[in-house]
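The values are calculated or read from the model by the stated rules, or taken from the named source; none is laboratory data. In this text the structure is predicted, and so the values were computed from the model without any measurement. Reconstructed Cβ throughout: ideal geometry from the backbone, glycine too, with neighbour counts over all protein chains shown.
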Amino acid sequence: MNGRKILILLLPLLAGLLSCGKPRGWGELYHVTVLADSSDWERAGQAIEELFAPEWIGPQPERILEFIQADGKAPQEILNRRNLLIFRAGPAEGPTGRMLDKLLSADVRDRIQQEEGFLFAREEAFALEQQLVILAAPTALSFLRQTRERAADIRGLFLEHSRRLQHEGLYRRMEQEDLADSLQQVHGWKLRLPVDWFLIQDEEHPRFLRFRRLNPDRWITVHWVEGEDSLRHSEAGLRQVRNGLGRFYNDKEACVPEVGRFGLSRLGERSVQQLEGLWGTDAFIGGGPFLFWSWYDPLAGASGRTYYIDAVVLNPGGDKGPFLHQLRTIASTFRGHVDEFKRED
């Protein structure tokens, strides 16, 4: 969250809700229900559009977080959504604004007026497995400015919450524990794979393992180099590595050169170089988005290792975003040295 302050919301009405139990939050992962009065949508709808504008790199537009505009006239009917954003961009003028005035203490309302409070968050406020975020500002101009300044923080709350729930869902049932143990013993790293994934390639030069899941097709490739590999430091280097790995599966595969996004990111608890882009082939009509991560681990192997993980989706005509989220969740279970093996997932 970049060290920015997020106030934990104190909701006076929660005491009553807690006493009678809570429903389970519902709604798709990575979908955010946004609740506000019509006057607030008119004042600040543009800021909400911009907040949820980031998209995956893919053959068709897909937002990383989808938002659903809820009817502000009946806020009580929306409060059990899994990902819930309530906002007010000025004085309370309708049912949702008046509801917020009841939820927020007088001290909090004063802080909002002084622009000392804007972003408030609480997990499981109205429902189990829920992330609630409230944005409130004294004027539309203040709301627009603060939303732009805090956009990464706001999106991060919903992304982390959905990723946590997805992780729990993927690994609640059977997973391939024997395979993970074998990977650790034979190769010195492990990856937690759900039961419906299987190994399709084990190559010596370059050294990599590739796993696959059908319906739709998804691949995860783990490649490693002993020592520090300078190719991981640049976008061109990562494209070179990824093209080489792809051609071991199809000799005509390559990244689309003019499409991509490159920079620092996080995978689980580690800092990584991340390349996003499109892959395609000349041999058949096929292609789609990929996520590619690299990092150097000085504690792995005898003299450190550079790891690369490639995650790919092939789903012609269908959504790719939900599967890219899933691939990222699986890749984040990677563990590459003794201290990481000890870490609980």
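Go through Arg122, Arg164 for me and flag whichever is farther than 21 Å from Gly90 by Cα, outside any helix (DSSP H, G or I), basic (Lys, Arg) and assigned by TED's automatic domain parsing to the domain that holds Ile78. Even if it seems obvious, please write down each step before you answer.
On the way: Arg164 fails: outside any helix (DSSP H, G or I).
It is Arg122.
Consider Gly237 carefully, then state whether it is surrounded by 15 or more Cβ atoms within 10 Å (Cβ to Cβ) and free of Cβ contacts under 8 Å to residues at least 24 places away in the same chain. So that I can check it myself, show each step before the final result.
Details: surrounded by 15 or more Cβ atoms within 10 Å (Cβ to Cβ): yes; free of Cβ contacts under 8 Å to residues at least 24 places away in the same chain: yes.
Spelling it out, Gly237 is indeed surrounded by 15 or more Cβ atoms within 10 Å (Cβ to Cβ) and free of Cβ contacts under 8 Å to residues at least 24 places away in the same chain.
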Can you go through Arg261, Arg270 and tell me which one is closer than 20 Å to Glu228 by Cβ and charged (D, E, K, R)? Arg270
Positions within the range 301-345 being in contact (Cβ under 8 Å) with a residue 24 or more places away in the chain and on the phi > 0 side of the Ramachandran plot, in sequence order: Gly301, Gly304
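Would you mind finding the one in Gln184, Gln201 that is in a helix (DSSP H, G or I), farther than 26 Å from Val32 by Cα and in contact (Cβ under 8 Å) with a residue 40 or more places away in the chain?
Working: Gln201 fails: in a helix (DSSP H, G or I).
Selected residue: Gln184, the only one of Gln184, Gln201 that is in a helix (DSSP H, G or I), farther than 26 Å from Val32 by Cα and in contact (Cβ under 8 Å) with a residue 40 or more places away in the chain.
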From Pro95, Pro91, grab the single residue that is more than 31 Å from the chain's Cα centre (by Cα), surrounded by 15 or more Cβ atoms within 10 Å (Cβ to Cβ) and under 19 Å from Ser39 (Cα atoms). Pro95
Answer with yes or no whether Gln240 is of a type in the set (S, T, N, Q), closer than 20 Å to Gln274 by Cα and over 25 Å from the mean Cα position of the chain (by Cα). yes
Those residues that are in contact (Cβ under 8 Å) with a residue 24 or more places away in the chain and within 22 Å of the chain's Cα centre (by Cα), I need them from the range 204-226; list them, please. Pro216, Asp217, Arg218, Trp219, Ile220, Thr221, Val222
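With the structure loaded, tell me whether Gly58 is of a type outside the set (S, T, N, Q), in a loop (DSSP other than H, G, I, E, B) and free of Cβ contacts under 8 Å to residues at least 60 places away in the same chain or whether it fails that test.
Working: of a type outside the set (S, T, N, Q): yes; in a loop (DSSP other than H, G, I, E, B): yes; free of Cβ contacts under 8 Å to residues at least 60 places away in the same chain: no.
No: the conditions fail for Gly58.
Evaluate the range 75-87: report whether one residue or more is acidic (Asp, Glu) and more than 29 Å from the chain's Cα centre (by Cα).
No, the range 75-87 contains no residue that is acidic (Asp, Glu) and more than 29 Å from the chain's Cα centre (by Cα).
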